[in-house]
Amino acid sequence: MKKVALLGCNGYLGSHLSYYLTVRGYKVNAYDIHDDSFLRGIGSYTQIDISTGEGFKGFDFEVDYVYYFSGVTGTGTSLDEYSRFIDINEKGLLHILNGIKQQKVHPRIVFPSTRLVYKGVKNTPLNEEAEKEFKTIYALNKYHNEASLDLFNNYYNIPYTIFRIGVPYGNTLDRGYSYGTIGFFLDKARNNRPITLYGDGLLRRTFTHVSDICRQIVTVSELEKSIGEIYNIGGETYSLLEIAKKIARKYDIAIKHVDWPDFALALESGDTVFDASKINKLVQPVTTESFPVWIDKQ
C-alpha cells in the first residue's frame, strides 16, 4: 500500500484528492490548520501550521508522496495581504522541502499551480512553455514555488510533479457546492438572482470537473516519467458567457452585463485556454465529465 501525506486536506481540491486517494487504496495522512478534518474515513488527521518551520513537528516524512495542497487563494486580496500569502504559500513549501531534504528517502512532491501564471492570448491554446505574466501576488507565489521545487530537485534530488489547473468545478463530496467561477454563477442562479458578467463575457477558460482533475493528477503522478515535469490539466473550453447561458437556462434567470471596474480589469489575465496535449498522451480519456451534461443534472 502506498502512503501519502496530503497537506490542505480541508480545502476544495485537497478534500477531493483525500477521498480519491483513499478510494484508490492509498494510506492517507491528512494535514490542515483546523482542529479536525472536514472529511471522515480518510486515514489519520494531524493539525499543522505550515507557515512556521516548527509547525512541521510530528509530520510523517516516511511516505511515497507529499501532496502539497495547502495555501490561501485570492486575486486582489493577495496584494493587500502579501505577507500572509508569502508566509503560507511560499514559506510553507520551503519548510516542507527543508524537512524532506534531511530524510534518507525523498518522497515525490505533487504541487498544484495555476492558469494565472500565463499571459493570456486571445483564442490561442497555451502550452506549458507559453509566455508567463504575473498580475497578483498569488500568481507569483505559485510560480516561485515551481522554481523552488526545481531548485530543491537540482540540489537535493527531491522529485516533484507540477500540475497547472484552469477553472475547477463540481463536487463529488457535497453536491450543493461548486468552486470558483461556476460556483459563483450557481450561487446567484439558485438564489434567483441574475448572473453578472463584466463586459461582453467572451473571455475563454479551460474548465475541468474536480473528479477529472483528481484522476489526471493521481494517474500522472504515479508515472516515473512525470518526475520533474509540468502539466496543464485537460478540460473543456468555454467562454464565461457560454457557461453563464447554460446555467441561466437551467435556472431560468437573467444575465446582466456591466462595465469592468478599473481594478478588476487591471487584474484580468485575458483568455487562458490550455493546450493539454502533454497530459493527453498519458491519460485517456483526459475528461469523463462534460459541463453541459453536468449542469443538466444539478
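The values are calculated or read from the model by the stated rules, or taken from the named source; none is laboratory data. Every value quoted in this text rests on a predicted model; they were computed, and no experiment measured them. Every residue, glycine among them, receives a Cβ derived from its backbone with ideal geometry; neighbour counts consider all protein chains shown. For accessibility, only protein heavy atoms count, side chains too; no ligands or nucleic acids. Shrake-Rupley method; radii C 1.70, N 1.55, O 1.52, S 1.80 Å.
What the table shows:
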item: Average accessible surface area per residue within the chain, 1.4 Å rolling probe, Å²; result: 46 Å²
item: Listed pairs 91/132; 27/297; 250/278; 246/281; 245/281; 3/101 exceeding 27 Å between Cα atoms; result: 27/297; 250/278; 246/281; 245/281
item: Relative contact order for the chain, counting Cα pairs under 8 Å that sit 6 or more residues apart, in percent; result: 17 percent
item: Computed label-point distance, nm, for sites residue 54 and residue 23 using a 7 Å Cα→Cβ extension; result: 4.1 nm
item: Where 237, 75, 272 fall by accessible area, highest first, once all protein chains stay in place (1.4 Å); result: 75, 237, 272
item: Heavy-atom accessible area ranking, 1.4 Å probe, most first, across 16, 34; result: 34, 16
item: Where trypsin sites (Lys or Arg not before Pro) fall in DSSP loop in region 107-207, at most 15 other Cβ within 10 Å; result: 119, 122, 175
item: The chain: angle of helix 180-190 to the longest principal axis, Cα-based, in degrees nearest 10; result: 50 degrees
item: Over region 1-140, relative contact order from alpha-carbon pairs under 8 Å, at least 6 apart, %; result: 22 percent
item: Between helix 12-23 and the chain: long-axis angle, C-alpha atoms, 0 to 90°, nearest 10; result: 60 degrees
item: Accessible-area ranking of 222, 54, largest first, probe 1.4 Å; result: 54, 222
item: Nearest 10 degrees, 0 to 90: helix 240-251 Cα axis against the chain principal axis; result: 70 degrees
item: Proximal aspartates and glutamates relative to residue 57, as straight alpha-carbon distance under 14 Å, when same-chain residues fewer than 8 apart are discounted; result: 32, 49
